Amino acid sequence: MNAQGILNQYWHLILVMLLPARYVKWLGVFTLAVLIPGAILNFFGYSIVLHLGSAFSLLLIMMVGMLVPGQMLALRSSKQFQYMADLRYPLFFIALGFWSLESFWLSITLTLLNPKEFSFYSIFALTTMALTCAAVLFAVVGSYIQTAQGFVPLFVWILFLSAKNTDLLSVANIGIYWLVTALLWLGMFVWWVRWQPQKYLINFMTLPAAEMQRQQANNVQAITNVFSAVPKTLAGSLLAGVSDGIQAWCKRELGQLVFFLLLLMFMLYWARQIPANAASMMVSIYVFIYICIRGGIIFQSFFRNLYRLWINSSYSRLEILTYIERRYFFMLVSSIVPVALVFVLINHYLLNDLLGLIKGAYVLFIGFLFSSLAFYVGLLVYIKSAASFVLLNWIIPIVNLGLIGIMVYLNILWGPNPAHEHASYLWFSGALLMLTLLGRVWVKSIWKSVNFYGVKN
Amino acid sequence: MSACVSLKNLQRQFSRVTVLQGINAEVLPGQVIALLGKNGAGKTTLLETILGFGFPSAGEARLWQLDATQIANETKQRIGFVPQQDELLPSLTGGDHLKLFKSFRPRWNQSLVDKLVAEWLIPMTIPTGKMSVGQRQKLSILLALAHEPELLILDEPVASLDPIARRQFLQQLVDIAADENRAVIFSTHIVSDVERVANQVWMLREGAFAYQGGLDELKESVARVTLLAAEKFPEKLDFPDLINQKIQANSAQLTFINWSAAREQQLTNQFAAQIDVQYLSLEDIFLEMNP
């Protein structure tokens with residue numbers, strides 16, 4: 001093939017690798033639209049637009065950097081593309097070129113910021129090594145366990161924290177950084193050329209939202225299947241999408257508890273690096289978010305499976321409402337209680353009462369109120385939107401973020417201890433309780449004419 | 001004429017489960033082969049082994065005399081492949097896919113592409129992740145046809161197509177079949193489609209060929225015979241090539257492969273019975289051979 005043909009192939013592959021989704025293309029266009037006038041204005045002494053453009057360009061290359069490993073794996077593992085051409089070498093060299101350019105661009109930006117007059121060479125070497133490490137991990141981990149890719153940033157973050165006290169930008173380390181980088185790329189090359197994909201590894205980040213949610217639901221279902229056991233009731237199991245038996249509950253909660261503790265350990269490891277009052281704040285936010293997420297997960301199952309109750313249970317419409325309320329709050333409480341008990345013990349014996357009793361109780365209470373309100377808002381979304389899952393996933397976060405905004409404004413959870421100063425705490429929780437009750441009244445008033453739907457994505 | 005595909009004692013095992021056992025076959029240019037079999041019979045495994053995606057546990061699979069697992073780019077350019085479930089990139093549009101594939105294909109029939117895009121109503125500006133399964137299937141078939149491959153392998157290509165699209169696709173296969181330099185292997189569950197386009201049938205049962213040969217020969221060789229005798233038949237009859245039997249008192253319904261007039265004479269003489277011979281449709285043959 002002639003040079004023009006090869007260039008044409010590389011050009012199309014670069015487009016597919018680096019700009020695979022419309023949102024990335026639009027971000028690229030927008031970044032250029034800010035950068036170009038920014039550069040002109042900078043020439044006349046106005047630098048703010050250029051800084052803004054640089055920030056967008058960093059966002060763009062980081063986004064592309066997240067997409068590239070997934071695209072590599074998808075192109076290499078697709079049987080259709082395998083029969084189009086042997087893409088191993090072009091994909092590798094495009095990835096290598098992209099990450100080299102990305103680290104060069106990041107290093108220039110960091111050097112221009114010039115906070116402590118670091119040398120460009122040490123920044124470049126360190127950035128290249130860090131990016132190479134992340135890129136290689138993304139690709140290799142993703143090829144074996146795709147869902148584990150999410151843990152790569154966490155791992156890199158832990159590495160960074162571990163090295164926090166060493167002089168990372170010392171000129172003496174430059175040689176080691178380049179050596180590690182070269183070894184990582186060499187290892188990656190050998191692995192990449194020899195790797196035989198077993199199945200098509202779709203790039204989750206390029207999926208449409210509805211498909212992504214469907215896949216996520218499948219993953220959750222696969223995990224819950226592991227914790228299955230004999231169901232207690234048909235209606236309860238159909239509604240939750242998992243067995244509602246005590247044995248299954250024990251297995252699930254044990255898994256949840258382990259997950260909770262692992263994340264708590266990570267939080268505490270991180271909290272050691274920051275002042276004690278900040279650590280207390282972080283732990284209370286963590287417990288609060290954990291409760292909200294648990295409530296959200298339970299409700300999502302209910303949302304998807306609600307229509308099954310109509311045909312598979314003996315309940316009337318209004319009885320179904322009473323039943324799902326009872327089940328939701330029962331499942332929420334039975335999910336929070338074991339975690340709360342373990343946390344109380346850890347807080348007292350291992351953390352020296354990092355979170356005071358009153359504050360801890362308030363965190364649980366406010367988390368419970370958030371989940372209750374979200375339940376009724378979710379039911380309203382179900383009725384009004386013909387069970388649109390996409391809308392649910394927009395409205396609930398917006399409502400929660402709005403409420404969290406009010407909490408920030410009132411200094412709740414990270415402000416004064418409610419044991420001493422509790423006016424805003426009472427106002428906020430009182431208002432939240434009122435909203436929840438109003439939501440319930442509203443739902444109940446329109447529930448008798450509810451249509452049951454198979455959930456749309 | 002040299003074979004595009006040759007399989008010799010091909011075997012494939014997955015953790016002690018034997019999926020393919022001792023497959024021998026050749027595919028010559030001009031042949032349109034329908035691969036039939038129940039779910040789990042090993043059709044996809046056979047097609048993927050022919051294409052070199054996985055290594056045989058024993059025996060060999062060759063494409064134009066080359067080991068299928070070692071073929072280079074030049075050989076791949078002679079093949080078009082449509083997997084059972086498409087493996088397209090979800091964020092790319094149909095147009096993006098065509099541009100990318102075109103850049104890697106030395107041969108590309110743009111007029112065929114334009115014609116099929118218009119006839120099959122394949123959207124060119126929608127990301128494939130937002131297309132329906134049928135639309136993605138059509139795009140996959142188009143990507144496999146555009147470079148006019150000498151060997152076309154399709155794994156259940158019509159499973160997600162509506163009847164109109166299926167007819168259009170079959171017409172395209174008929175056109176390909178008219179070119180004597182090209183060969184097609186396609187697996188399907190829609191047996192009526194096979195009768196329209198295929199000239200050869202491979203019937204796979206539990207990882208081995210239950211039948212391998214011409215379609216017409218198959219239809220002529222399988223017969224269902226109804227016997228009405230004055231006396232009761234024994235509970236079970238034992239004949240060579242008898243694949244199915246239903247016996248009720250003095251009536252027997254027997255299905256034979258390799259049916260011949262001599263066998264008819266033999267049955268008449270043996271049971272002193274009234275005999276009625278019925279040749280079967282391919283669907284009935286499939287059901288008889290896969291009880």
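The values are calculated or read from the model by the stated rules, or taken from the named source; none is laboratory data. Since the structure is predicted, the reported quantities are computational estimates derived from the model, not experimental observations. Here the Cβ is made from the backbone with ideal geometry for all residues, glycine too, and neighbour counts use every protein chain on show.
For this structure, a couple of remarks:
- When B:LEU88 is tested against the conditions (1) more than 20 Å from A:ILE14 (Cα to Cα); (2) outside any helix (DSSP H, G or I); (3) of a type in the set (A, V, I, L, M), the lone failure is (1).
- Exactly one residue out of A:SER143, A:SER103, A:SER78, A:SER122 is crowded, with 18+ Cβ neighbours inside 10 Å and within 14 Å of another protein chain (Cβ to nearest Cβ): that is A:SER78.
- Residue within the stretch A:191-200 that is crowded, with 16+ Cβ neighbours inside 10 Å, outside the structural domain of A:SER334 (by TED's automatic domain parsing), within 30 Å of B:THR69 (Cβ to Cβ) and under 27 Å from the mean Cα position of the chain (by Cα) present: yes
- A:THR206 falls short on exactly one of the conditions (1) of a type in the set (S, T, N, Q); (2) in contact with a Ser or Thr (Cβ under 8 Å, 6 or more places away or on another chain); (3) modelled with pLDDT under 85, and that condition is (3).
- Residue count for the stretch B:79-95 satisfying the condition of being more than 7 Å from chain A (Cβ to nearest Cβ) and free of Cβ contacts under 8 Å to residues at least 40 places away in the same chain: 3.
- Every test in (1) touching a residue at least 12 places away in the same chain (Cβ under 8 Å); (2) within 26 Å of A:LYS199 (Cβ to Cβ) is passed by A:MET84 save one, and that test is (1).
- A:MET66 meets all of the listed conditions (1) under 19 Å from A:GLY142 (Cα atoms); (2) at the interface with chain B (Cβ under 10 Å from one of its Cβ atoms); (3) not basic (Lys, Arg) but one, namely (2).
- Subset of the stretch A:12-67 that is among the aromatic types (Phe, Trp, Tyr) and closer than 28 Å to B:PRO90 by Cα - its residue that is surrounded by the most Cβ atoms within 10 Å (Cβ to Cβ): A:PHE56
- Taking the criterion of being surrounded by fewer than 15 Cβ atoms within 10 Å (Cβ to Cβ) and either touching a His at 6+ places or on another chain (Cβ under 6 Å) or touching a residue at least 24 places away in the same chain (Cβ under 8 Å) (or both), the residues of the stretch B:252-274 that qualify are B:ASN258, B:ALA272, B:GLN274.
- Within the stretch B:10-48, the residues that satisfy the criterion of being within 27 Å of B:ARG182 (Cβ to Cβ) and not hydrophobic (A, V, I, L, M, F, W, C) are B:ARG12, B:ASN24, B:GLU26, B:PRO29, B:GLY30, B:GLN31, B:GLY37, B:GLY42, B:LYS43, B:THR44, B:THR45, B:GLU48.
- Counting only strands (runs of 3 or more DSSP E) that sit completely within the stretch B:184-291, those holding 1 or more residues that are under 30 Å from B:GLN11 (Cβ atoms) and modelled with pLDDT of 85 or more correspond to B:200-205, B:208-214, B:242-248, B:251-256.
- You will find that of A:ILE298, A:ILE324, A:ILE285, the residue that is surrounded by fewer than 19 Cβ atoms within 10 Å (Cβ to Cβ) and either over 25 Å from the mean Cα position of the chain (by Cα) or aliphatic (A, V, I, L, M) (or both) is A:ILE285 and no other.
- Screening A:GLU211 with (1) at the interface with chain B (Cβ under 10 Å from one of its Cβ atoms); (2) outside any helix (DSSP H, G or I) gives one miss only, at (2).
- The residue pairs whose first member lies in the stretch B:112-130 and is under 12 Å from B:ASP96 (Cβ atoms) and away from chain A (no Cβ under 14 Å), whose second member is among the charged types (D, E, K, R) and not in a loop (DSSP other than H, G, I, E, B), and whose beta carbons are closer than 8 Å, counting only pairs six or more residues apart or on different chains, do not exist in this structure.
- Residue within the stretch B:56-67 that is in a loop (DSSP other than H, G, I, E, B) and either of a type in the set (A, V, I, L, M) or within 11 Å of chain A (Cβ to nearest Cβ) (or both) present: no
- Check on B:SER57, over 26 Å from A:MET17 (Cα atoms), hydroxyl-bearing (Ser, Thr, Tyr), surrounded by 15 or more Cβ atoms within 10 Å (Cβ to Cβ) and modelled with pLDDT of 90 or more: yes
- Residue check, A:ASN352 assigned to a loop (DSSP other than H, G, I, E, B) and surrounded by fewer than 21 Cβ atoms within 10 Å (Cβ to Cβ): yes
- Filtered residue count, the stretch A:244-282, keeping only those that are modelled with pLDDT under 80 and either among the hydrophobic types (A, V, I, L, M, F, W, C) or part of a loop (DSSP other than H, G, I, E, B) (or both): 12
- Subset tally (residues that are more than 14 Å from chain A (Cβ to nearest Cβ) and either crowded, with 21+ Cβ neighbours inside 10 Å or in a helix (DSSP H, G or I) (or both)) for the stretch B:136-181: 18
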